[in-house]
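Computed from the coordinates by the stated procedures, all read-outs in this text should not be read as laboratory data. Everything quoted here is computed from the prediction, not taken from an experiment. Using ideal geometry, Cβ is built from the backbone for each residue, glycine included, and neighbour counts are taken over all protein chains shown.
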Amino acid sequence: MPLVNTKEMFKKAYDEGYAIGAFNVNNMEIVQAITEAAKEMNSPVILQVSSGARKYAKHVYLVKLVEAALADTDLPIALHLDHGDTFELCKACIDGGFTSVMIDGSAHSFEENIALTKKVVDYAHQFNVTVEGELGKLAGVEDDVNVSAEDASYTNPDQVEEFVKRTGVDSLAIAIGTSHGAYKFKPGTKPQLRFDILEEIQKRLPGFPIVLHGASSVPQEYVKIVNQYGGAMPDAIGVPEDMLRQAAKMAVCKINIDSDLRLGMTAAIRKHFVEHPDHFDPRQYLGDARTAIKGIVSHKIKEVLGSNDKA
Ligand code: G3H
Ligand code: 13P
Ligand code: ZN
């Protein structure tokens, strides 16, 4: 089957109360690990590319890797632009084979966000490409943008109907307390998400797919391995998996995970080098990294998202 957009994926996920994992890809091992896990779990999956990933690996390499994964697995796979911040970037991805794009206008005013998002939607829909918009602002680091906790703001449910109606977006990323990166909550505090806001948005937009960014759980066992094998990560706290399970049963149809894959990969490579100081064949340590990512993705699909056997 060819690459798909997110329309049917989200409809089924909404109706059946699960979510699709959207995992960030930067190189071959990551693409293989995610799609091999999805294949074993018989799960649809979204592979997403940030502008940083596109700069790192080059557009054409990532598209070809994803096409190879598609040929290898024959799964419903969407190739998605993560955090597109300009019309030009979205257009380049639409023209270059992506089936879904995010236009993140959350740094702009409400009116400017609507105008930019609508411009992308009008272009994307001519090519059957689905568009994710964002309302509200997540804290954390993505590419060169670092939003401090003070500048972050929850999505205002009063704005969502107007935003969706005027832009024509296919899904909406919201801010309910998650954030990007490995340090989401202050150590010693209890992680909390504003499920009341999600519930209110769900009421205002019945049947409409919601997206949760910054959804890594930052498993402590991986932080431990990193530190045990020479790393120095401060106390990191992610989103508890119970909360993600709850969100997946609600209107959240797409859950974004990147940091957990980075963490698993780093832990595996650190461990490998300490245990095998004589190794210098990249296939040995990147192989371990790939195995670690595959394990994490399988766990997410089966134990958190509930998208297993939904391909
Ligand atoms: O939300 C951001 C993702 O984790 C991608 O990160 O922009 O460093 O590739 P990146
Ligand atoms: P994490 O940093 O929590 O993995 O979030 C990733 C993300 O939202 C990508 O858009
Ligand atoms: Zn994000």
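Structure data summary
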quantity	calculated
Prolate/oblate/rounded label for the stretch 1-118 (Cα gyration tensor, a/c 1.5)	oblate
Residue 161-residue 55 FRET efficiency (beta carbon distance; Förster radius 30 Å; 0.05 resolution)	0.25
Antiparallel bridge percentage (DSSP; both residues within the chain; nearest 5)	10 percent
Under 25 Å, Cα to Cα: Lys pairs in the stretch 187-311, sequence gap 8 or more or different chains	24
For peptides 289-296, 196-203, sequence by mean Cβ density within 10 Å, most packed first	289-296, 196-203
222 nm mean residue ellipticity, helices alone, for the chain (DSSP H n ≥ 4; -39,500 (n - 2.57); rounded to 500)	-14500 deg cm²/dmol
Rounded, prolate or oblate (a/c below 1.5 giving rounded, otherwise prolate when a/b exceeds b/c) for the stretch 149-230 by Cα gyration tensor	prolate
Signed unit charges on C-beta, dipole axis of the chain, positive-most listed residue 63, 229, 103	229
FRET efficiency for residue 7 and residue 283, using Cβ-Cβ distance with R0 set to 45 Å, rounded to 0.05	0.70
The chain, relative contact order [Cα under 8 Å, separation at least 6], %	23 percent
DSSP H segments from the chain that extend 18 Å or more along their own axis, Cα-based, with Kyte-Doolittle mean of 0.5 or above	59-73
Cα-Cα over 32 Å, subset of 39/137; 91/186; 7/55; 12/186; 11/118	39/137; 91/186; 12/186
Rounded if a/c under 1.5, otherwise prolate or oblate - the stretch 137-277, Cα gyration tensor axes	prolate
Most to least packed among 78-87, 299-308 [average Cβ atoms within 10 Å]	78-87, 299-308
Label point at residue 119 placed 7 Å out along Cα→Cβ; residues across the stretch 68-85 whose backbone nitrogen lies under 19 Å	81-85
